[in-house]
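Asker: Dropping a structure here in structure tokens format, bear with me for questions.
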Amino acid sequence: MSALDACPRPTIGSMVPEPEDLRSRDGVLTVNLTVRNQKQKDGSTRYCYTYGDGIESPNLRLKPGDLLILKLKNDLIDLEQAGPERAGPAPSATRHNGKNNTVSKSDPCSGGEMNATSANLHFHGLTIPSVCHQDEVLKTSVRPSDPPFEYRFRIPENEPPGLYWYHPHIHGFSKVQVLGGASGALIVEGIERANSDLAGLPERVLIIRDQDLLNPNSPPSKSEPVVPKMLIDRDGDAANNGTGFGKPAKDLSINYVPVPYPNYPPAVIKMKPGERQLWRVLNASAITYLNLAVLFNRAPQKLKIVALDGVPVNASGVSKDVLDNQTHIGIPPGGRAEFIVDGPPGGVTGLLVTRTVDTGSGGENDPNRALATIVAATDSPDPRSRLATSPVPLPASTVPWLGSVTPVRTRRLYFSEKLLDPDDPNSATTFFITVNGQTPTAFDPSSGIPDIVVQQGDVEDWIIENRSTELHAFHIHQLHFMLLESSGVAVNEPFLRDTINVPYYNGHTLTYPSVRLRMDFRDPNSVGTFVYHCHLLEHQDNGMMGLIRVEPHVSQTPTAAGPSTTGQSQAHSARQLASQ
Ligand SMILES: [Cu+2]
């Protein structure tokens, strides 16, 4: 592989390629992925996962109960050391060649250093254990000199069918790796079993990523209204100017086809006229919010959402039509939306766009922009994948619906930011997520002390405030939650999420904006220590992350073993205290 094609990308304006599907067979999917990076001549950097003969970021498709065996080889190079022409493994890796294998003494599970050439994987949305070789991200760090590192776990039998994803979670370096393109889809098969409307539909996976601007110095397109002078936000990106136009903080790509500022030449999606498809959209952006719409002749079309964040929206047992007729779909960084699209009729060209998102005065500029034209053509190729035509309906859940469970306690947390120099809005910012009563502290990966301890089996309500002037996206590993209230006002959302926007503070209201979430710690797979954080990765990398420990459920049955009984009574009294 030459220096120029470690992570090749489609050209601007090309057909949106479908990621390659890797499907489990006889209950097992074995995958060998290599993570690579490369500096481009324009100074930007690309990251990618490659499979086999250079297939990039494949879809991993498994059924509930299937075993995933994923071997991750780290071929990252230190881009600070390497020029644009340099390729191949880092010097440390070459020491591993031949008989000299003395460099691999440390165990990738043991919490070694995390730096720009470290690799690991987070399986976003899956309720699998936070242990090494499964979904542990705080200590797991694979170095370029390490042999392929094995991830091995089963998709839980009760994992809802839908769109999940894999990406690196190296503290301090998540943004640079994800922004460079290190991400891919993981699909738990069988969504048509949750919603009979999906039977037999062709399906399409669309991964929207952000990347550094290809044309950072260009003025906005002449077709756009004039916007206020460009400002810079606290992260050094183009700041929200409140108009919906102007320079974005980042460019977007759709399945790696770039759609760059300032003219946003759209990629191309071909469909048969009027064809109905399931679109499974992942916002794999590092910092960019999406607000998707499909336009025919400029008119927004009705989209039917069937799943959010991997979970069918009718999982509560409420009607599967709960999110019909959406004309736009907001997806925070990390979020997913799966929805039914009817293709344009013959002679009509549709447009997939993202509309502006108001990220607050401290946030980035996420303006209106096109992503892809939708061309109706009878000779359009069929999407590679089609859902089963006669699905067996999913069995009903064996646990009560989260929305009907009484929480054992309520916790309060808040997002905040602090400037290094309070008088200089462009000085370095530290980002915090803090439990009320504790001191705001940037996440320290070496601490190991949980900010929150809960007991498996419990359901809690968390009220999360935003005391900063920009939007944040709360995400927690290992579980899903339900949005109950937004700034104290009840919302009717009988479905689950794993990533949620927390509205920004505008400086005027008497209270800070907040969300109230019902957090589900009932699944035994959530036992362990893991993280919650803002999914804007520059916020996460700069401290906006907290640690939670879910302790094993203590049996209600009295036993002769003293410590167990003591633990039980302590847990009970803690709950009683917290609920008073
Ligand atoms: Cu944030």
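The values are calculated or read from the model by the stated rules, or taken from the named source; none is laboratory data. On a predicted model such as this, the values are computed, not experimentally measured, just so you know. Cβ placement follows ideal geometry from the backbone for every residue including glycine, while neighbour counts extend to all protein chains displayed. Remember, those area values only see protein heavy atoms, side chains included, never the ligands or the DNA or RNA. Shrake-Rupley method; radii C 1.70, N 1.55, O 1.52, S 1.80 Å.
Asker: With the requirement that a residue be over 24 Å from the mean Cα position of the chain (by Cα) and either surrounded by 18 or more Cβ atoms within 10 Å (Cβ to Cβ) or at positive phi (or both), what does the stretch 276-294 give you?
Answerer: None - no residue of the stretch 276-294 is over 24 Å from the mean Cα position of the chain (by Cα) and either surrounded by 18 or more Cβ atoms within 10 Å (Cβ to Cβ) or at positive phi (or both), so the list stays empty.
Asker: One residue is enough: does the stretch 418-434 have a residue meeting the conditions more than 16 Å from the ligand (Cβ to nearest atom), surrounded by fewer than 17 Cβ atoms within 10 Å (Cβ to Cβ) and under 30 Å from GLU493 (Cβ atoms)?
Answerer: no
Asker: Please specify each residue of the stretch 473-494 satisfying the condition of being open to solvent by less than 10 Å² (accessible area, probe 1.4 Å) and assigned to a loop (DSSP other than H, G, I, E, B).
Answerer: HIS477, GLN478, LEU479
Asker: Could you grab me the full set of residues in the stretch 33-70 that are open to solvent by 20 Å² or more (accessible area, probe 1.4 Å), over 21 Å from the mean Cα position of the chain (by Cα) and among the polar types (S, T, N, Q)?
Answerer: Within the stretch 33-70, GLN40, SER44 qualify.
Asker: Can I ask one more? Among the numbered criteria (1) on the phi > 0 side of the Ramachandran plot; (2) within 12 Å of the ligand (Cβ to nearest atom); (3) surrounded by fewer than 23 Cβ atoms within 10 Å (Cβ to Cβ), which one does GLY543 miss?
Answerer: Answer for GLY543: the failing condition is (3).
Asker: Still on this structure: Would the stretch 553-573 turn up any residue that is more than 16 Å from the ligand (Cβ to nearest atom), closer than 20 Å to ARG412 by Cβ and either buried (at least 16 other Cβ atoms within 10 Å of the Cβ) or modelled with pLDDT of 50 or more (or both)?
Answerer: no
Asker: If you take the residues of the stretch 132-178 that are polar (S, T, N, Q) and open to solvent by 40 Å² or more (accessible area, probe 1.4 Å), which of them is nearest to ARG549 (Cα to Cα)?
Answerer: Among residues in the stretch 132-178 that are polar (S, T, N, Q) and open to solvent by 40 Å² or more (accessible area, probe 1.4 Å), the one nearest to ARG549 (Cα to Cα) is GLN134.
Asker: Shifting gears a bit: Residue check: is VAL531 free of Cβ contacts under 8 Å to residues at least 60 places away in the same chain, within 15 Å of the ligand (Cβ to nearest atom), out of contact with any Phe, Trp or Tyr (no Cβ under 6 Å at 6 or more places or on another chain) and among the aliphatic types (A, V, I, L, M)?
Answerer: It is false that VAL531 is free of Cβ contacts under 8 Å to residues at least 60 places away in the same chain, within 15 Å of the ligand (Cβ to nearest atom), out of contact with any Phe, Trp or Tyr (no Cβ under 6 Å at 6 or more places or on another chain) and among the aliphatic types (A, V, I, L, M).
Asker: For THR288, state whether it is within 14 Å of LEU371 (Cβ to Cβ), among the β-branched types (Val, Ile, Thr) and in a loop (DSSP other than H, G, I, E, B).
Answerer: Judged against the criteria, THR288 is a match.
Asker: Condition check: within 16 Å of the ligand (Cβ to nearest atom), in a loop (DSSP other than H, G, I, E, B) and touching a residue at least 60 places away in the same chain (Cβ under 8 Å). Does ALA442 satisfy that?
Answerer: When the stated conditions are applied, ALA442 passes them.
Asker: A further question on this structure: If you take just the strands (runs of 3 or more DSSP E) that sit entirely in the stretch 24-124, which of them hold at least 1 residues that are at pLDDT 85 or above and either over 25 Å from TYR532 (Cα atoms) or in contact with a Lys or Arg (Cβ under 6 Å, 6 or more places away or on another chain) (or both)?
Answerer: Strands (runs of 3 or more DSSP E) meeting the threshold: 28-39, 45-51, 59-62, 67-74.
Asker: Turning to a different aspect of this structure: Just to be sure before I move on: is ASP520 of a type in the set (D, E, K, R), within 23 Å of the chain's Cα centre (by Cα), more than 16 Å from the ligand (Cβ to nearest atom) and at pLDDT 90 or above in the structure I sent?
Answerer: Spelling it out, ASP520 is indeed of a type in the set (D, E, K, R), within 23 Å of the chain's Cα centre (by Cα), more than 16 Å from the ligand (Cβ to nearest atom) and at pLDDT 90 or above.
Asker: In the stretch 446-505, which residues are within 16 Å of the ligand (Cβ to nearest atom), hydroxyl-bearing (Ser, Thr, Tyr) and over 18 Å from the mean Cα position of the chain (by Cα)?
Answerer: Listed by number, the residues that qualify are SER468, THR469, TYR504, TYR505.
Asker: Determine whether GLU136 is over 30 Å from ASN263 (Cα atoms) and either in contact (Cβ under 8 Å) with a residue 12 or more places away in the chain or β-branched (Val, Ile, Thr) (or both).
Answerer: Against the criterion (over 30 Å from ASN263 (Cα atoms) and either in contact (Cβ under 8 Å) with a residue 12 or more places away in the chain or β-branched (Val, Ile, Thr) (or both)), GLU136 qualifies.
Asker: Now a separate question. Determine which member of the set TYR512, TYR504 is touching a residue at least 24 places away in the same chain (Cβ under 8 Å), within 23 Å of ASN283 (Cα to Cα) and not in a strand (DSSP E or B).
Answerer: Every option except TYR504 fails the conditions.
Asker: Please state which one of GLY317, GLY343, GLY334, GLY330 is at positive phi and at pLDDT 95 or above.
Answerer: None of the others qualify; the one that does is GLY334.
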